[in-house]
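What follows is one structure encoded as structure tokens, with my remarks underneath.
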Amino acid sequence: MINKPIFSLSVIGLIGLVIRLYYFPFDLPIIYDSIDYFSYAVVVSQQGQLPIGWDLTNNGWPVFLSLFFSVFNSQNFLEFTYLQRFLTITISVLTIIPVYLLCNRFVDKKFAIIGAAFFAFDPRIITNSLLGIVEPSYILLGTLSLFLFLSKRFTIILLSFITLALFAIIRYEGFLILIPFLAIFFARYRKDGKIIQKMFLLSGVFFLTIFPMTYAMYEATGDDGIISPIFSGGINYVSAHIIEGIPDTDDPIYGENLEQNRFVLFVSLGIINLVKFLGWVLIPTFVLFAPIGFFLLFQNRDYKMVTIIVFGLTMLIPAFYLYGRGIEETRYLYIIFPIFCLMSSLTIKKVCEKIKKENLFIIIIISGILLSSLIFLDYKKIDYEHEKESYLIAKDIVSIAGGINHYVPESKYIHVADLENNWPEIPLPKETSYNQSFEIKKISPNSFSTLVEYIENSKDEGLTHIVTDGKQNKLEFLNDVFYNEVEFPYLIKEYDSTEKGFQYHVKAYKIDYEKFAKFQIKN
């Protein structure tokens, strides 16, 4: 098996697909960023063009998704979300091919197969592929670009700049690797008499590939969507709020009352969180192999080693920026997982040089990777019944309320429930904005100490109902409503989830603002 790469990859891919389908969250919709991509894709498929005034960052994935939505023969909302997830699952499984090819640039085929297995069975990659978001396609194109660029044939390198352009279209951070790739190409072929012409050709192919998307985005929003976000987003934010010290009133870290040096805080947060999450994502799959492979990579100091290191460091820049902002998510590091796979395969190769039954050892390693992943996935699996009830309850709340408080984390289903209730109509931004204008508003209560203060300050924002589940991790004044509702004469209970047979107990109260005004006068 190990000596038959096509068969081995097929088996690994099939197992990876089965695992993903086993954990597929049927009856649950997409949430968080997936909602934006889903909605954008639906609108593009309905209108046949990019929606005017919707400045969605990284819209390459939803535009690709819209191609499938436009030919999908269904009117069911959840089935469209299933399609979105099935596509990211498929892309994630297919990524084992460029991961294998990338590893094969450095190690023999049997060790490259191990690299593919590391990727196919990594629990975080599996979980991420179920979300319907951008990372699977981003990782696929990034890995493919890296593999193609390491070729010695100019036509293949030229092709890598096409995939690199698609990489940048999927996430604008991919644009960052253009200059390093050109610099490495120049260093590799600096003695070539036509080096300048070739570099212009590579650059031209890249910009010609991204031009249709940037032009369409500019026509729709006045923003190219790839180059300008780098400067108007990250660079501008660091310059204004970190270096110049202008408070960001919407940011919990870099707001008005920050006494600490902003630049020192940004750098320290970036370094601490980057190191912390780099260590965390190595568990359980890479922790024993990737660190050793990192040092083995430096044994052959050639252009391939330099390319891998430069690619990895460049792709860590966006993660460092986001971690410096205090945004703590591991998915910003997934783009370098193929490099972890490569490093791990180098370690396995080194170990196999010292043992006799290397095929048996390789099979044991792959089995161990699979087992550790399944244990990790089982430990991290969601309470499916609770999530399903939370979604169904959210649909009920959306049907009676116009504006509610957050009741995290279950309120994550509110906006997608709003989408389903109005399907197939999709709420658009009222003006050029990243955010959709949902019918129901979610208004955070976290900055308030009393219910009266919260209602007073949230009335004009559209607050109509108080939703509470009485859990210990919720605000005390919201729990007080749950357990002592008779003490709040201005709250009229309109919903109790237990009356519909749900185990998850949620209550929703309509705010009678006339009674609330009288209550304030008396108190």
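Any read-out appearing in this document is the output of simple, stated calculations on the displayed coordinates, not a laboratory observation. Here the structure is a predicted model, which is why all the values come from computation and not from measurement. As a convention, Cβ positions derive from the backbone with ideal geometry for all residues, glycine included, and neighbour counts pool all protein chains shown.
Here are some notes:
- Between 0 and 90°, nearest 10: helix 262-281 axis offset from the chain longest Cα axis: 70 degrees
- FRET efficiency for Lys194 and Val306, using Cβ-Cβ distance with R0 set to 30 Å, rounded to 0.05: 0.85
- With a threshold of 18 Å on the Cα-Cα distance, the over-threshold entries among Lys474/Lys518; Lys110/Lys357; Lys493/Lys522 are Lys474/Lys518; Lys493/Lys522.
- Take the Cβ atoms of Phe24 and Ile246, set R0 to 41 Å, and the FRET efficiency comes out at 0.35.
- Quotient of Cα Rg and 2.2 N^0.38 Å for the range 384-522, N being how many residues it contains: 1.05
- Counted charge near Pro318, where neighbours are those whose Cβ lies closer than 12 Å (Asp, Glu -1; Lys, Arg +1): +1
- For the range 454-523, the square roots of the Cα gyration tensor eigenvalues, ordered a ≥ b ≥ c, give a/c of at least 1.5 with a/b greater than b/c, which places it in the prolate category.
- Cα→Cβ-extended label distance, 7 Å offset, between Ile400 and Ala183, nm: 6.0 nm
- The orientation-averaged projected area of the convex hull spanned by the Cα atoms of the range 131-176 comes to 3.0 nm².
- The Rg/Rh ratio for the range 327-451, using Cα coordinates for both the radius of gyration and the Kirkwood hydrodynamic radius, is 1.21.
- The charge dipole of the chain, taken about the Cα centre with unit charges on the Cβ atoms of Lys, Arg (+1) and Asp, Glu (-1), comes to about 3380 debye, rounded to the nearest 20.
- Over the chain: helical MRE at 222 nm, DSSP H runs n ≥ 4 each giving -39500 (n - 2.57), nearest 500: -19000 deg cm²/dmol
- Principal-axis tilt of helix 358-380 within the chain, Cα atoms, nearest 10 degrees: 10 degrees
- The chain - Rg over Rh from alpha carbon coordinates, Kirkwood radius: 1.01
- Cβ-based charge dipole, the range 5-380, positive-most Cα from Leu176, Leu148, Val275: Leu148
- Sorted on the mean count of surrounding Cβ atoms within 10 Å across their residues, most packed first, peptides 253-261, 63-71, 381-389, 30-38 read 30-38, 63-71, 381-389, 253-261.
- The ranking of Leu491, Leu164 by Cβ neighbour count inside 10 Å, starting from the fewest, reads Leu491, Leu164.
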